[in-house]
Amino acid sequence: MKYVLDTNVYLEAARSDEARAQFREAFLPLLPATFLSAVVACELAVDATDRRTRGLVRQFLLPMERTGRIVSPVFDDWIDASDVVSAIEERDRGWRSKLPALLNDIMISLCARRIGATLITYNGDDFRLIRRHREFSLRVLAGARRESRR
């Protein structure tokens with residue numbers, strides 16, 4: 001079994017000491033099977049607004065890169081993403097205004113799908129929408145204090 005964690009899982013872990021402890025308990029056992037989406041890495045770097053946080057993000061990314069566990073979108077993922085965007089525009093009109101923000105989530109889900117990984121997130125609504133158009137393994141977590149903007 002392989003896993004890809006969505007950005008909001010990492011952001012939730014950074015929220016407090018208690019959240020970090022819960023993250024370690026839940027996800028450290030999965031670490032050998034966990035892959036990092038390059039899209040998630042970018043979102044984490046964008047959210048790192050100060051020098052210290054950027055340093056922590058880089059410290060986290062280096063071991064994932066060294067062990068070859070970063071999964072990046074390939075050309076076919078981009079083409080497939082355009083099909084998903086078109087399908088959402090056509091069949092799920094209520095989501096049209098959110099499409100620009102959904103592109104990263106689409107790319108994360110397609111990368112997870114390509115490597116046969118389960119995507120783990122707190123953001124069930126967006127990923128369930130994507131899954132209506134492309135099948136992938138999804139696990140939605142409950143209990144985040146708040147839904148992250150990512």
Problem set entry | Residues with amide H under 5 Å from that of TYR3, placed H, sequence gap 5 or more | THR34, PHE35, THR118
Seminar exercise, completed: With Cα coordinates, the longest principal axis of the chain makes an angle with the long axis of helix 75-91, in degrees rounded to 10, of 60
Seminar exercise, completed: Fewest to most Cβ atoms within 10 Å: GLU12, GLU89, GLU25 sort as GLU25, GLU89, GLU12
For this session: Only helical DSSP H runs with n ≥ 4 go in: add -39500 (n - 2.57) per run for the chain, normalise by residue count and round the 222 nm mean residue ellipticity to 500 deg cm²/dmol.
Result: -18000 deg cm²/dmol
Seminar exercise, completed: With Cα springs under 10 Å, the Gaussian network model of the chain assigns the largest mean-square fluctuation among ASP126, ASP105, ASP50 to ASP50
Seminar exercise, completed: In a Gaussian network model of the chain with springs linking alpha carbons closer than 10 Å, the residue among ALA48, ALA38, ALA117 that fluctuates most is ALA48
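Which value, in Å³ per residue, describes the convex hull spanned by the Cα atoms of segment 2-140? Walk me through the numbers on the way to the answer.
Working: hull volume 15.3 nm³, N = 139.
Here the figure is 110 Å³ per residue.
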Problem set entry | Karplus-derived HN-Hα couplings along segment 117-128 (A = 6.51, B = -1.76, C = 1.60, θ = phi - 60°), whole Hz, x at Gly and Pro | 9, 8, 8, 10, 8, 8, 8, x, 4, 5, 6, 5
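Ranked by Cβ crowding within 10 angstrom, fewest neighbours first, how are CYS42, CYS111 ordered?
Placing the least packed residue first, the sequence is CYS42, CYS111.
Determine, for THR118, THR67, THR49, THR7, the number of other Cβ atoms within 10 Å of each Cβ, and report the residues in order from fewest to most.
On the way: THR118 16, THR67 12, THR49 8, THR7 25.
The order, fewest Cβ neighbours first, is THR49, THR67, THR118, THR7.
Bear in mind that the values in this text are calculations on the coordinates, not laboratory data. What you are looking at is a predicted structure, and each value in this text was computed from that prediction instead of being measured. Quick reminder, even Gly has a Cβ in these numbers, built from the backbone with ideal geometry, and neighbours come from all protein chains shown.
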